[in-house]
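Here the structure comes first, spelled out in structure tokens, and everything after it is commentary.
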Amino acid sequence: MDIALDTFEVRTGGRCEMVDITAEVAGVVGKSGINDGECTVYCKHTTAAITINENADPDVVEDILLTLEKLIPKDLDGYRHIEGNSDSHVKSSLFGCSEQILVKEGVLLLGTWQGIYFCEFDGPRTRQVIVQVIG
Ligand code: ZN
């Protein structure tokens, strides 16, 4: 079994934003030299997340962010967390901090319309994404 681990940075520009990191992840998989196995994309942050969704029409991620904003308001009566970013923590937990993608012949097995996104819920910040490839 071969294991490769790599990290890259994502600089976000807004408070809530979805950054397409598909090319960076594919680059890590290519560099690993692992042809068949799986890839885990992980972030160690409590106010960010990793998700997979459509990267063909940029309006899709805008609609996801709009929906989150409506469902999980920044200020809600009853929030107790003194830092003032409870909504960011809730969004992070709903989306989750990792995704797994299968790798075949050195290529991520993503659907035609799928892309991998780093989700920023409390930016702007510089974040780290960890990618582990096992094969
Ligand atoms: Zn907090």
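The values are calculated or read from the model by the stated rules, or taken from the named source; none is laboratory data. Please read these numbers as outputs of a predicted model, since none were measured by experiment. Positions of Cβ are backbone-derived with ideal geometry, glycine not excepted, and every protein chain shown enters the neighbour counts. Heads up: the accessible areas ignore ligands, DNA and RNA and are worked out on the full protein's heavy atoms, side chains in. Shrake-Rupley method; radii C 1.70, N 1.55, O 1.52, S 1.80 Å.
For the reader, a short list of remarks on this structure follows.
- The calculated 222 nm mean residue ellipticity attributable to helices in the chain amounts to -7500 deg cm²/dmol, summing -39500 (n - 2.57) over DSSP H runs of n ≥ 4 and dividing by all residues.
- Semi-axis lengths (Å, descending) of the ellipsoid that matches the C-alpha gyration tensor of the range 74-123: 34, 9, 8
- Within straight-line cross-link reach of Lys104, lysines at Cα separation under 21 Å, skipping those fewer than 8 residues along the same chain: Lys31
- Alpha-carbon centroids, the range 81-135 and the range 15-35: separation in whole Å: 10
- Sum of side-chain charges, Glu38 neighbourhood, beta-carbon under 14 Å (Lys, Arg +1; Asp, Glu -1): -3
- Carbon plus sulfur fraction of accessible area for the range 3-134, probe 1.4 Å, in percent: 50
- The range 63-135: chymotrypsin sites (Phe, Trp or Tyr not before Pro) falling in loop per DSSP and having at most 11 other Cβ within 10 Å: Trp113
- Comparing Gly37, Gly84, Gly27 in a Gaussian network model of the chain, where Cα atoms under 10 Å apart are tied by springs, the biggest mean-square fluctuation is seen for Gly84.
- Along principal axes, Cα extents of the chain, largest first, whole Å: 51, 30, 22
- The charge dipole of the range 31-83, taken about its Cα centre with unit charges on the Cβ atoms of Lys, Arg (+1), Asp and Glu (-1) only, comes to about 360 debye.
- Relative to the longest principal axis of the Cα atoms of the chain, the long axis of helix 59-71 lies at roughly 40 degrees.
- Share of pairwise Cα separations in the range 17-84, more than 21 Å, in percent: 47
- Among 70-77, 39-46, 55-62, the order from most to least packed when residues are scored by Cβ within 10 Å on average: 39-46, 55-62, 70-77
- Axis of helix 86-95 versus longest Cα principal axis of the chain: the two differ by about 30°, to the nearest ten degrees.
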